[in-house]
Amino acid sequence: MKKLLHITTAFLLFAMLSGCTGTKTNEPPTQQQPAPKSETAISDSKPDPAPSSPPTDPIKPSKKFMNTTNERPIAVMIDNDNSDAWPHAGLEEAYVIYETIVEGGSTRFMALFKGTDTKKIGPVRSSRHYFLDYAMENDAVYVHYGWSPKARKDIPALKINNINGVLGGDDWIFWREPKRKWDYHDVYTSIEKIKEMMKQKKYRDTSEVQNFQYASSELTLADGASARKIEIPYSRYHTTAYEYDETAKLYKRWMRGTPHALSTSDNAVSTKNIIIQYVKNYYLGDGEPNIGRQQLDTVGTGTGYYITNGKTVKINWKKDKRSSKTLYTDEQGHEIQLNDGQTWIQITPINANVVFE
C-alpha cells in the first residue's frame, strides 16, 4: 500500500507540473521558442530524482529583510544545471534571488545578500552577461566562478566590481566539496571570505541604493486572483513551481517535481514574494559552437505578475538601460510594494505558459 501511495502521489504531482491541471490566467504572446541546439552544458548529468512529497514538518517563519542598512549587496551566481547541484547552500539567507534561463534549457540563480554572515553559499557557478544587468541595478559586488565569452568582455567594460574564482588572486575564497570524480557542481564560498576579498580589492562596502519598496504592514492583494499553486515552465527540461502554505503564509518552492532542498537548513526553500517578469530570450551566437547560450532583452518594457499571500496581480516592468533599476508597477502605474521576507524574481521566457491555481 505504501508503494502504491508513493506512485499515486508522484503521478498526481507530475500531472500538476506538466500543466495538465489548474486554471490558466495568463495569455502571453505566441512567439515560438526554438528547441535548444545542444544539451552539452548539462550532458554530465544524472537523472533527476522522481517527484516526491513535500516535507511534512511546518516551515519556519520567513526571515525578515526590510531594514535600513546601507551595507552593499553581494550577488552570488548559483548553479542549478541539474540535480547534481542540489541541495543548495545558503539561499535561505538571501533577500532577493533571480532565476533565469541559461543554455541547455536549464536555469541559474543570482542570490543577493546583505546584513548576513552566511557560512556556506553555493554551489557557485559562472557568469552570464544578462545577470550583470540585475547586479548593476542593485549596486552589488558580483561573485562568480568563471564566465561566458560575452560576460568576460562585459564585466570590465561595465566596470563591475567582481570576484572571479577562476582567477589566481581570487580563488582562495572558494573551496570544493566534490560529490564525485570530475564534479563541477562543488564550489562554495562564504560572506566572510567574500568580504575579505572585497577589502583586498578595495571595493566599496556601503550603498545608498534601495531597489525595492517594502510595505509598512502586511499586504493581502485583496483584489488579486487566486495563486495557491504556480507552475513556471522554463523549458521542456526545467519547471519551477510554488505551493502556498496557509499556516506559514509562505510559498514552498519546487523544481522538476521535487521540493527545493537546502543543505544548510532543515526546511525546503520557501519565500514570501514572487515576481514573474516576462523577458524575450533567444540564441546569442557567441562564437562557441553547440553551446546555445542565451540573449535576454532585459532593457525595455514588459508584463508579469506579483504574487504574495496566496494572491496575484498583473504588473508591468520597465528598464531604461542595463544599469538602471527595473521598475515594477501595478496596472495603475504605481510601483509595487513587497511584503517583508524573501523575494524570488522569475525572469521568465515570454512565451512560457505559466499556470495559476
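Taking 1 over the mean of 1/r across every pair of different Cα atoms in segment 70-117, what Kirkwood radius in Å do you get?
Details: mean 1/r = 0.0868 Å⁻¹.
By the Kirkwood definition, the hydrodynamic radius is 11.5 Å.
Any idea what the relative contact order of segment 98-229 is, in percent, if you count C-alpha pairs under 8 Å spaced at least 6 apart?
On the way: 145 pairs, mean separation 30.7, N = 132.
Result for segment 98-229 is 23 percent.
How big is the accessible area of T220 in square angstrom, nearest 10, if you roll a 1.4 angstrom probe over the protein chains?
Number for this one is 80 Å².
Let me check against my output: what whole-number percent is the relative contact order of segment 70-114, with C-alpha pairs under 8 Å and at least 6 apart?
Working: 66 pairs, mean separation 23.5, N = 45.
Computed value for segment 70-114: 52 percent relative contact order.
Which whole-Hz couplings ³J(HN,Hα) result when phi for each residue of segment 139-155 is put into the Karplus expression 6.51 cos²θ - 1.76 cosθ + 1.60, θ = phi - 60°, listed in order with x for Gly and Pro?
Calculated HN-Hα couplings, in order: 6, 9, 6, 9, 10, 8, 10, x, 6, 7, x, 6, 4, 4, 6, 6, 4 Hz.
Which percent of Cα-Cα pairs in segment 208-269 sits in each 10 Å bin, short to long?
17, 36, 35, 12, 0
In whole percent, how big is the carbon plus sulfur part of the accessible area of segment 91-177, probe 1.4 Å, protein atoms only? Intermediate values should be presented prior to the final figure.
On the way: 1270 of 2500 Å².
Carbon and sulfur: 51 percent of the exposed surface of segment 91-177.
Roughly speaking, to the nearest percent, how much of segment 188-338's 1.4 Å accessible area is carbon and sulfur? Intermediate results must be reported in sequence, preceding the final value.
Numbers: 3170 of 6940 Å².
Answer for segment 188-338: carbon and sulfur cover 46 percent of the accessible area.
Output the pairs from K153/K311; K150/K201; K150/K202 with a Cα-Cα distance over 30 Å in this structure; if there are none, say none. Could the numbers behind the result be given before it?
Values: K153/K311 41 Å; K150/K201 23 Å; K150/K202 25 Å.
Where the Cα-Cα span goes over 30 Å, the pairs concerned are K153/K311.
Want the number for S217 to D320: 0.36 nm per residue separation, take away the alpha-carbon distance, what's left? Intermediate results must be reported in sequence, preceding the final value.
Details: separation 103, 0.36 × 103 = 37.08 nm, distance 3.03 nm.
That pair, S217 and D320, stretches by 34.0 nm at full extension.
Quick one: which residues, 5 or more positions from Y283 or on another chain, have an amide H under 5 Å from its amide H? H modelled 1.01 Å from N in the peptide plane, none for Pro or chain starts.
Counting only residues 5 or more places away or on other chains, the set is Q295.
Please give the per residue volume of the convex hull enclosing the alpha carbon atoms of segment 252-303, rounded to a whole number of Å³. Let's see the in-between values first.
Details: hull volume 8.5 nm³, N = 52.
Once divided by residue count, the hull of segment 252-303 is 164 Å³.
Can you pull the semi-axes for segment 199-357, root of five times each eigenvalue of the Cα gyration tensor, sorted largest first, whole Å?
On the way: eigenvalues 128, 95, 76 Å².
In descending order, the three semi-axes are 25, 22, 19 Å.
Using only the Cα atoms of segment 117-264, each taken as one equal point scatterer with no solvent, compute I(q) by the Debye sum, divide by I(0), and report log10 of the ratio at q = 0.17 Å⁻¹.
Each listed q corresponds, in turn, to -1.23.
Of all GluC sites (Glu not before Pro) in segment 119-211, which ones are in loop regions per DSSP and have a Cβ with at most 11 other Cβ atoms within 10 Å?
Answer in residue order: E208.
Taking only C-alpha pairs under 8 Å that are 6+ residues apart, what is the relative contact order of segment 247-357 in percent? Walk me through the numbers before you get to the answer.
Details: 191 pairs, mean separation 29.1, N = 111.
Across segment 247-357, relative contact order equals 26 percent.
Take the eigenvalues of the Cα gyration tensor for segment 105-196, scale each by 5, and report the square roots as semi-axes in whole Å, largest first. Please list the in-between numbers first.
Working: eigenvalues 81, 55, 34 Å².
Value: 20, 17, 13 Å, ordered largest first.
The values are calculated or read from the model by the stated rules, or taken from the named source; none is laboratory data. Just so you know, these numbers come straight off a predicted model, no measurement behind them. In this analysis, Cβ positions are derived from the backbone assuming ideal geometry, glycine residues included, and neighbour counts consider all displayed protein chains. These area figures cover heavy atoms from the full protein model, side chains too; ligands, DNA and RNA do not enter into them. Shrake-Rupley method; radii C 1.70, N 1.55, O 1.52, S 1.80 Å.
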